[in-house]
Amino acid sequence: MKLFEMYDAPTQGYQDVDQDNSKPKWKQARKTKLTLKQIRKLRKMNDVRNYEKSKNLKKIRKQYTPAPAEGAPTL
C-alpha cells in the first residue's frame with residue numbers, strides 16, 4: 001500500500017470490499033489462502049498500475065525534454 005492510498009478516497013474498481021477476506025476472525029490463526037481468481041485480479045490490477053505509470057512517465061519526459069536548438073538539424 002502506498003501512503004497516498006491511506007488518505008485519499010479509494011479508487012473505484014481497485015478494491016471489492018465484499019470479497020476482502022484479509023481481516024482475521026476471532027481465534028483464527030491461519031492466514032487466508034489466495035484463490036486463482038484473486039491472484040488473477042491482483043495481476044490485472046498490477047498491469048493497470050504499470051500501464052498508468054508508464055503513461056505518466058511518457059508525459060513527464062515529454063514535458064521536461066529540452067527544446068531543440070535553432071538551426072540544428074532535426075532527425
Full extension between Met6 and Thr32 adds, at 0.36 nm per residue less the Cα distance, a length in nm of 7.1 nm
Pseudo-spin-label distance Lys41 to Gln19, built 7 Å along Cα→Cβ, given in nm, is 0.3
Checking rank on 41-49, 53-61, with mean other Cβ inside 10 Å and highest first, the result is 41-49, 53-61
Of the listed links Lys2/Lys44; Lys41/Lys62; Lys2/Lys53; Lys33/Lys53, those spanning more than 25 angstrom between alpha carbons are Lys41/Lys62; Lys33/Lys53
Filtered hits (lysines, Cα-Cα < 19 Å from Lys37, offset >= 8 within chain) -> Lys23
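No lab work stands behind these numbers, since they all come straight from the coordinates. Treat the numbers as computed from the prediction; the structure is a model and nothing was measured. Positions of Cβ are backbone-derived with ideal geometry, glycine not excepted, and every protein chain shown enters the neighbour counts.
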